[in-house]
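Below is one structure, written out as structure tokens; the observations come after it.
The values are calculated or read from the model by the stated rules, or taken from the named source; none is laboratory data. Just so it is clear, the model here is predicted, and its values are computed rather than measured. Every residue, glycine as well, gets a Cβ built from its backbone with ideal geometry; the counts of neighbours run over all protein chains shown. Only protein heavy atoms, including side chains, enter the accessible area calculation; ligands, DNA and RNA are left aside. Shrake-Rupley method; radii C 1.70, N 1.55, O 1.52, S 1.80 Å.
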Amino acid sequence: MPKNKTHKGTAKRIRTTGSGKLMRQQTGLRHRMEVKSSKETRDLSGIVPVAKADVKRVKKLLGR
């Protein structure tokens, strides 16, 4: 039986914490920055946990 491969696109976007939580960057920080307020930019800059509904699928892609 061959080994499972990690989905590299997902691996570059999602980090695993020490406790096993999956964390991701928020969307909306790539373009149209002049329209967004400083507060909105700050709020979007943090990392957030992956949605509960997506955790199972993402873990499979990461080979966990």
**Item:** Evaluation of VAL58 against (1) over 21 Å from GLY9 (Cα atoms); (2) open to solvent by less than 50 Å² (accessible area, probe 1.4 Å) (one fails), failing number
**Value:** (1)
**Complete:** Of those in segment 9-31 that are more than 25 Å from ASP43 (Cβ to Cβ) and under 13 Å from the mean Cα position of the chain (by Cα), the residue surrounded by the fewest Cβ atoms within 10 Å (Cβ to Cβ) is GLY9
**Pairs, first under 9 Å from LEU61 (Cα atoms) in segment 1-12, second of a type outside the set (D, E, K, R) and assigned to a loop (DSSP other than H, G, I, E, B), C-beta under 7 Å, six or more apart** = THR6/GLY63
**Message:** Just to be sure I understand the filter: pairs with C-beta atoms under 8 Å, separated by 6 or more residues or on different chains, first member in segment 42-58 and of a type outside the set (D, E, K, R), second member open to solvent by less than 50 Å² (accessible area, probe 1.4 Å) and part of a helix (DSSP H, G or I). Which pairs pass?
**Reply:** VAL50/VAL58; VAL58/THR10
